[in-house]
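Q: Take a look at this one; I'll ask things after.
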Amino acid sequence: MKKHLTSKEFKSIYSKVPRICVEVLIQTPKGVLLSLRTLPSWNNMWHLPGGSVLYKETLEQAVNRVSLNEIGVKANIIELLGYIEYPSEEKERGFGWSIGIVLLCKTKTTKFKPNKDASEIEFFSKLPERMVVEQKKFLKKYLLNTSK
């Protein structure tokens, strides 16, 4: 059984060092999959499904766990695309920020189900206005490079 950090431990650690996360990028002819956050940080903002890499967890294991939890399906990694640093997270949460490793992934289904942290899941061919700023910047660059 994995032991999770308490809120106090989490804040103590991640106010001193960056938190490593995976960002699950799923792209189809319909566009890029995003979910609408219901969490206090970045509330009501569209974002890539993602989450922390846990202790002794591989990136592949983290992608599988995060995708099952956040969109209700297993995702398989196709390619490492890059990383996103989140300085705006410090303002959102009041401490530290994350570094997200962006992985292009595929799924066997397009029947997605949001968890309690998101109210909607949609594909976007044009990025929405209300979106996590660092992810929007990354996706604009990525989409520009893939459309050539």
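Readers should treat all values here as calculations from the given coordinates under stated rules, not as data from a laboratory. Please read all numbers here as calculations on a predicted model, not as lab measurements. Using ideal geometry, Cβ is built from the backbone for each residue, glycine included, and neighbour counts are taken over all protein chains shown.
Q: Please find the FRET efficiency linking Ser41 to Leu127, where r is the Cβ-Cβ separation and R0 is fixed at 25 Å, and quote it to the nearest 0.05. List each step's numbers first, then the result.
A: Values: r = 20 Å, r/R0 = 0.78.
For R0 = 25 Å, the calculated efficiency reads 0.80.
Q: Show the residues, 5+ positions off or on another chain, whose built amide H is closer than 5 Å to the amide H of Val132.
A: Trp46
Q: For the pairs Lys16/Lys91; Lys30/Lys108; Lys106/Lys141; Lys11/Lys111, flag any whose C-alpha to C-alpha distance is greater than 23 Å.
A: The pairs that break the limit, which is 23 Å between Cα atoms, are Lys11/Lys111.
Q: Let me ask something else about it. Give the calculated FRET efficiency between Ile20 and Asn145 to the nearest 0.05, with a Förster radius of 25 Å applied to their Cβ-Cβ distance. Mind dumping the intermediate values first?
A: On the way: r = 24 Å, r/R0 = 0.96.
FRET efficiency, Ile20 to Asn145: 0.55.
Q: Helix 133-146 against the longest principal axis of the chain: what's the angle in degrees, Cα atoms only, rounded to the nearest 10?
A: Tilt of helix 133-146: around 30 degrees.
Q: When the Karplus curve 6.51 cos²θ - 1.76 cosθ + 1.60 is applied with θ = phi - 60°, which whole-Hz ³J(HN,Hα) does each residue of region 70-82 get, with x for Gly and Pro?
A: 8, 10, x, 9, 7, 10, 10, 6, 9, 7, 7, 9, x
Q: Hey, rough spin-label estimate for Lys74 and Glu92, points 7 angstrom out along Cα→Cβ, what's it come to in nanometres?
A: 2.9 nm
Q: With a Förster radius of 30 Å, plug the Cβ-Cβ distance of Tyr83 and Thr110 into 1/(1 + (r/R0)^6) and report the FRET value to the nearest 0.05. Don't jump to the answer; show the numbers that get you there.
A: Details: r = 27 Å, r/R0 = 0.89.
Working from the Cβ atoms, E equals 0.65.
Q: What does the extension gain come out to for Glu120 and Thr28, with contour length at 0.36 nm per residue minus their alpha carbon separation?
A: Fully extending the segment from Glu120 to Thr28 adds 31.4 nm.
Q: How big is region 105-148 in terms of Cα radius of gyration and Dmax, in angstroms?
A: 12.6, 37
Q: I would also like to ask the following. Restricting to region 12-146, what percent of DSSP beta bridges are antiparallel, rounded to 5? Walk me through the intermediate numbers first.
A: Working: 21 of 30 bridges.
Expressed as a percentage, antiparallel bridges in region 12-146 total about 70.
Q: Using only the alpha-carbon atoms, what does region 12-146 span along each of its principal axes? Please give whole angstrom values in decreasing order.
A: 41, 34, 31
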